[in-house]
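Colleague: Please see the structure below; I have some questions.
The values are calculated or read from the model by the stated rules, or taken from the named source; none is laboratory data. This one's a predicted model, so the numbers in the text were calculated from it and none came from an experiment. Every residue, glycine as well, gets a Cβ built from its backbone with ideal geometry; the counts of neighbours run over all protein chains shown.
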Amino acid sequence: MQNTIIQKLERIEELLTNQAIKPFTFREAYNYLGVSSSYLYKLTSTGQIRHYKPSGKLIYFEKKDLDGWLLRNPIKSSDEINREVATRLITNLKNN
């Protein structure tokens, strides 16, 4: 029983290690992003997402590029906006 758990943990560790190093295939990328294959193709063909074509045909992606695309348009929370406004007001009051 303990041997089985250790083997499973080693397999999980191997998968995580390989995933961090190995580029995503086109299919892995659209599954990871949660978009359709046609939408991902549109993103690549219009240059909206970084990708690699080592043989000129197959498309590959780095995880960091996919994550960057996912996180490209952050929306600030109300607290962040309020802090910015307060900081700007204090700065303006000090400068005047």
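Colleague: Could you grab me the full set of residues in the range 29-58 that are of a type in the set (S, T, N, Q) and either at pLDDT 95 or above or surrounded by 13 or more Cβ atoms within 10 Å (Cβ to Cβ) (or both)? Show your work before the answer.
Modeller: Filtering the range 29-58 for residues of a type in the set (S, T, N, Q) gives 31, 36-38, 44-46, 48, 55.
The answer is N31, S36, S37, S38, T44, S45, T46, Q48.
Colleague: Looking at the range 59-96 only, could you name the residues that are of a type in the set (V, I, T), surrounded by 10 or more Cβ atoms within 10 Å (Cβ to Cβ) and either at pLDDT 95 or above or closer than 30 Å to T44 by Cα (or both)?
Modeller: Looking only at the range 59-96, we keep the residues that are of a type in the set (V, I, T), and these are 59, 75, 81, 85, 87, 90-91.
Narrowing further to those that are surrounded by 10 or more Cβ atoms within 10 Å (Cβ to Cβ): 59, 81, 85, 87, 90-91.
Within the range 59-96, I59 is the sole residue that qualifies.
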